[in-house]
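Working notes, beginning with the structure itself.
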């Protein structure tokens, strides 16, 4: 009996031993596969993230090249600031080949640093710093990435970005192994470039000084040698009585390696528990083994889901993020057979919602918006939350009318379902649409969609705007004008034309209005309507106005020296001058510089400019009168505020707008209004100038109503200075 029991025990023990040996082999192989897969996934994620950052930086670079030669530093720095907010970069800057530096925010960068970045970018085209550098502001370490900027195929500078190191934490934490392992980015000599567990600058091979490798012939020296040959491998070793795996794999940038330390303790604990259970319950060994394998796969699946969520899911709304959109866009577009439109939309004045109701309610609005979009997605369609209140959609597309109707209905549902309760603020949306008709990169489509969105925000009603090539041409034309305006002013391409003003009673010339013309040589004359609004926006009009004034007073001084008649000349000034305390002193110094009497300069301010800045206008007009300048209101009758302006301000002259005079020949009421307006103005002791007089019938009527001065094509078109001087000689 004892022998039988002993024999049975031996058989059972042998069976358990053989069974466990088999289990150990299976677990060992699965463990190695799992560990190697985790290391490779971490390296692949890092490569994808760096590539995505480089693609984004290239996209920003293409947009920045449109602004070249970057004369307006505030404009390009605002552009960089916006791009920093919309992307994952901590900081953006541009270094030009002639030494200029533009930044998204002010930092004290050394010339050695900027010169080094530019030189390496010129040498390589794309550049990524081999090791982190310190941000001059907060002293935190960052990576520097840059791309080359071109103009007509010629390098003109480099766009560089600071990448925060915490951006790479998900790839280096190895969540796939229960956060027990870690990864490092190292150079081939072992120097740590990125990592949470080992200081940057330390040597990763120091971690293996006391390691005992399982494979014969494996050593730190052999690992170093493998790295020099661009190999990647998995090494099994023990350190401090704990088993670990080392996985190393080359990356696609610099000479970097992904160097992962992967402890196996949590898996081995499962194996030991299974062994003890097997001793008592042989019958359950298979079930326990299957359970363990399922557990391992479940852990791997969960870790993969966490990694995927980190890289491709927006944590606030649960929708896909921009990385996911970029990854899936080509396949999704193919799934729609190319009949699609790319739509970018955001919530109008979303910042106001956050400011009034707090970020928590603002976040709920964004979550509701995502829910509405999910409800409206058709098969094959796709959307993501790009950033803040910005969403991107890839939608099926048939024709513009139906598509616009769909977006109107979507905006209505968002307004109905997403508006904050007990708030007077409605959630309104603005949509920019690009109809996909050509095979171009995703980021170029996105740029065009954003351009349409900017136009949509400017319109009233349904804020839906489709991309139009004319918008791009207009922007390019504006940039060309802005890029040449400084040089044109220095070269003297801007010139003064004069249009005579004639006395209605005598027909003789009593003055003129100075008008600006821009001669671009081979391109011919540029219409004032094409460049004046641009100069108003960028502030260049302030310099141009003073340039025209100086040309006028210089002419008046020359005419005096040459014995020609001096007549008052009206000069138009931008609304921007009204808020500039230097305007009147600067104007006075300029006129006095040429010794011209102040009463020969008449300042013309348009009605709309005055009405929109009534208090400032009052102060400026008083100041001009104190200096002896006369002031006329231009475009009287073009708006709804003429009488109110006339009541509150003291003018020396009123110029009746051409549109105000049009059509009176066939309209008796119009005649009465004009006659009444002239009588009222003259009763105030103000001179009346009729602008745009083109027919004899107009001239006769206006003379009879009591207008003092006429200006228009009936008397003379605007003429060059030389032709105007001939008039002066004839008048003499």
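The values are calculated or read from the model by the stated rules, or taken from the named source; none is laboratory data. Since the structure is predicted, the reported quantities are computational estimates derived from the model, not experimental observations. Positions of Cβ are backbone-derived with ideal geometry, glycine not excepted, and every protein chain shown enters the neighbour counts.
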- prompt: Is it the case that some residue within the stretch 562-569 is modelled with pLDDT of 95 or more, outside any helix (DSSP H, G or I) and surrounded by 21 or more Cβ atoms within 10 Å (Cβ to Cβ)?
  reply: yes
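Answer yes or no as to whether residue 434 is in contact (Cβ under 8 Å) with a residue 12 or more places away in the chain, surrounded by 15 or more Cβ atoms within 10 Å (Cβ to Cβ), farther than 19 Å from residue 404 by Cα and under 23 Å from the mean Cα position of the chain (by Cα). Full working, then the answer.
Values: in contact (Cβ under 8 Å) with a residue 12 or more places away in the chain: yes; surrounded by 15 or more Cβ atoms within 10 Å (Cβ to Cβ): yes; farther than 19 Å from residue 404 by Cα: no; under 23 Å from the mean Cα position of the chain (by Cα): yes.
The answer is no for residue 434.
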field: Among the candidates 405, 449, residue that is more than 30 Å from residue 630 (Cα to Cα) and in contact (Cβ under 8 Å) with a residue 40 or more places away in the chain
entry: 449
field: Matching residues in the stretch 587-632 - criterion: being touching a strand residue (DSSP E or B) at 6+ places or on another chain (Cβ under 8 Å) and surrounded by fewer than 18 Cβ atoms within 10 Å (Cβ to Cβ)
entry: 599, 608, 625
- request: Name every residue in the stretch 138-183 that is modelled with pLDDT under 80, in a loop (DSSP other than H, G, I, E, B) and over 22 Å from residue 199 (Cβ atoms), in order of residue number.
  value: 178
Filter pass, residue 39 being touching a residue at least 12 places away in the same chain (Cβ under 8 Å), under 30 Å from residue 471 (Cβ atoms) and crowded, with 18+ Cβ neighbours inside 10 Å: no
task: Please work out if residue 659 is surrounded by fewer than 16 Cβ atoms within 10 Å (Cβ to Cβ) and either within 53 Å of the chain's Cα centre (by Cα) or not in a loop (DSSP other than H, G, I, E, B) (or both).
output: yes
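When you check residue 714 against the structure, is it surrounded by 12 or more Cβ atoms within 10 Å (Cβ to Cβ), touching a helix residue (DSSP H, G or I) at 6+ places or on another chain (Cβ under 9 Å) and part of a helix (DSSP H, G or I), yes or no? Working first, answer last.
Details: surrounded by 12 or more Cβ atoms within 10 Å (Cβ to Cβ): yes; touching a helix residue (DSSP H, G or I) at 6+ places or on another chain (Cβ under 9 Å): yes; part of a helix (DSSP H, G or I): no.
It is false that residue 714 is surrounded by 12 or more Cβ atoms within 10 Å (Cβ to Cβ), touching a helix residue (DSSP H, G or I) at 6+ places or on another chain (Cβ under 9 Å) and part of a helix (DSSP H, G or I).
Kindly establish whether residue 326 is at pLDDT below 90 and out of contact with any helix residue (DSSP H, G or I) (no Cβ under 9 Å at 6 or more places or on another chain). Walk me through it before giving the result.
Working: at pLDDT below 90: yes; out of contact with any helix residue (DSSP H, G or I) (no Cβ under 9 Å at 6 or more places or on another chain): no.
No.
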field: Residue that is in contact (Cβ under 8 Å) with a residue 40 or more places away in the chain and either surrounded by fewer than 16 Cβ atoms within 10 Å (Cβ to Cβ) or more than 22 Å from the chain's Cα centre (by Cα) (or both), where the choices are 155, 136
entry: 155
- request: Among the numbered conditions (1) touching a residue at least 40 places away in the same chain (Cβ under 8 Å); (2) not assigned by TED's automatic domain parsing to the domain that holds residue 264, tell me where residue 183 comes up short.
  value: (2)
task: Among the candidates 49, 27, single out the residue that is within 24 Å of residue 133 (Cβ to Cβ), surrounded by 16 or more Cβ atoms within 10 Å (Cβ to Cβ) and modelled with pLDDT under 90.
output: 49
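Please count how many residues of the stretch 323-362 are over 17 Å from residue 429 (Cβ atoms) and either assigned to a helix (DSSP H, G or I) or not assigned by TED's automatic domain parsing to the domain that holds residue 446 (or both). So that I can check it myself, show each step before the final result.
Going residue by residue through the stretch 323-362, those that are over 17 Å from residue 429 (Cβ atoms) are 323-340, 355-361.
Checking the rest, the ones that are also either assigned to a helix (DSSP H, G or I) or not assigned by TED's automatic domain parsing to the domain that holds residue 446 (or both) come to 323-335, 355-357, 359-361.
Residues in the stretch 323-362 being over 17 Å from residue 429 (Cβ atoms) and either assigned to a helix (DSSP H, G or I) or not assigned by TED's automatic domain parsing to the domain that holds residue 446 (or both): 19 in total.
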